[in-house]
1. Given the conditions (1) at pLDDT 90 or above; (2) surrounded by 14 or more Cβ atoms within 10 Å (Cβ to Cβ); (3) of a type outside the set (D, E), and given that A272 satisfies all but one, which numbered condition is not satisfied?
2. Which of (1) closer than 27 Å to V37 by Cα; (2) modelled with pLDDT of 75 or more does P112 not meet, given it meets every other one?
3. From the residues in the stretch 126-146 that are in contact with a helix residue (DSSP H, G or I) (Cβ under 9 Å, 6 or more places away or on another chain), open to solvent by 10 Å² or more (accessible area, probe 1.4 Å) and of a type in the set (D, E, K, R), which one is modelled with the highest pLDDT?
4. Taking L217 as the residue in question, decide whether it is aliphatic (A, V, I, L, M), modelled with pLDDT of 90 or more and either over 23 Å from the mean Cα position of the chain (by Cα) or assigned to a helix (DSSP H, G or I) (or both).
5. Identify all residues within the stretch 6-27 that are open to solvent by 40 Å² or more (accessible area, probe 1.4 Å) and of a type in the set (A, V, I, L, M, F, W, C); write none if there are none.
6. Tell me whether the stretch 294-302 contains one or more residues that are outside any loop (DSSP other than H, G, I, E, B) and hydroxyl-bearing (S, T, Y).
7. For the stretch 378-394, indicate whether the set of residues that are assigned to a helix (DSSP H, G or I) and either under 22 Å from R215 (Cβ atoms) or at pLDDT below 90 (or both) is non-empty.
8. For residues that are open to solvent by 10 Å² or more (accessible area, probe 1.4 Å) and in contact with a helix residue (DSSP H, G or I) (Cβ under 9 Å, 6 or more places away or on another chain), scanning just the stretch 35-46, find the one that is nearest to N435 (Cα to Cα).
Amino acid sequence: MAHLRKITIAGLFGLYDHDLDLRQDPPLTIVAGPNGVGKTTLLRLTTALLRGAYRELLRYEFGTLSVENELGATIEVERTAERDLPSEAALFTLRFRHGVGPPQEATIEVQPPVADLIAMPDFLEHYDSETFVDVRDGELISEDDVLLRWGGRVREPIRPPTPPDWFHADEWRVDFIETKRLDTLLSSSLVARRPGPRLGPGVAHVERRGSPINRYLQVVANSLENARLESARINQARTSTVARRLLGEYSSKTVNVGRLRERYAQVERHAAALTANGLLSDSLAALPGGKLNPTQKRFFEMFLDDFEAKLEPLDPVSEKLEQLRSIIGHKFLNKELAISPEHGLTFAVEPAGNEIVADSLSSGEQHELALISRLLFDERAGTTVLIDEPELSLHVSWQHEMVEDLLEIARVSDVSFVLATHSTAIINNRWDIVNELGPLDFSPDERGQHKTSVAT
């Protein structure tokens, strides 16, 4: 999938024209600037456009918004003249360009968001732009159903506009994280992005415990379990064909015993690392000492091939766990991260080694753990992750390390990042990846002076 490479908006709030060139090397762009120039709004509008959540576009004044990906394709939305529409509604024109020739185009009518039409019950929270979650039991509810249940006689249920046939959201992967809401937002892996049944039993249990951090750790647990299941499937498939392969493709193989023992040692180390990350429960059987006959050598060669195939689906998750361990390990004072299939992620407090669970961590530690867990385990490859004010709740020393942490996450997860921030600690002299959105009277010279004054 293609990462985003450019975001352009004209007439934001009727005042600002912004042009963001998103970095490819490194895959991280910092958006800085004074309050009120539209940093967060630009991220919200970009997310709304690429997710087909067009009602969000009604909340803000702008002329055109266009987003380009690394393949050179561009999606554009423009607010067009209204004709014979209710006062709250609006028309938008969508355009798609890729290569030469005229763009594909569609006009959609957008009704206002439900939250603007009725008094919302206290127990409903936004899940995404067109879906709510009932925090009492985890049920996902569409805007239409909210109107049916709580809208009274305000109006008949309205249908969200349908994206045109040529728009495929999966080809424009984007996620928006409002850091200030990490303690309340549900993770996208726990529930479907569209309304459906209530959350599963495991997640409902987490909700009843009232521990938001466990929502994110459930994503980590799900990733571990899915990797183990795939490993078990491969192991079962290979076990069922042992005799046939030993008498067939392996029967004529010549195996060097020295190379076999060296490879055995490598696989043992590989298995030990996966066991430490809670991904592997069975160990590698010892290779017999002394001389091996040709049949034994061929058998153990096949055994190693099968064992390595079983380990392969565990490796990507293990690499992410190692990254999580690395980021958390040097930040959380006197705490060591432990991972097991039975207990998930826990922490041993040194020097006594007492075990504590994640919801016993400090608020800042829980915030960091939630953010890093979500970025490592809940983002699909090819996603551009837009993060608003990631500095919230983080000590300044942790902010200094954020750019390097995110670049490591980008490497192992194939994601890219756009950060909107006021924090010079996050920038940490990395002005090469900063795109400043200044007020209208900022000249290039004044921007340079502003950068110098903020840095000092």
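1. (2)
2. Failed condition: (2).
3. Per the stated criteria, the residue is R136.
4. no
5. F13, L15
6. Within the stretch 294-302, one or more residues are outside any loop (DSSP other than H, G, I, E, B) and hydroxyl-bearing (S, T, Y).
7. We begin by selecting, within the stretch 378-394, every residue assigned to a helix (DSSP H, G or I); these are none.
The answer is no, given that none of the residues of the stretch 378-394 is assigned to a helix (DSSP H, G or I) and either under 22 Å from R215 (Cβ atoms) or at pLDDT below 90 (or both).
8. Step one: list which residues in the stretch 35-46 are open to solvent by 10 Å² or more (accessible area, probe 1.4 Å), which gives 35-36, 39-41, 44.
From what's left, in contact with a helix residue (DSSP H, G or I) (Cβ under 9 Å, 6 or more places away or on another chain): 41, 44.
Values: T41: 15, R44: 17 Å.
Step by step, filter the stretch 35-46, then rank; the result is T41.
The values are calculated or read from the model by the stated rules, or taken from the named source; none is laboratory data. What you are looking at is a predicted structure, and each value in this text was computed from that prediction instead of being measured. Please note: Cβ atoms are built from the backbone with ideal geometry, for glycine as well, and neighbour counts cover all protein chains shown. Note: accessible area is taken over every heavy atom of the protein model, side chains too, but ligands, DNA and RNA are not part of it. Shrake-Rupley method; radii C 1.70, N 1.55, O 1.52, S 1.80 Å.
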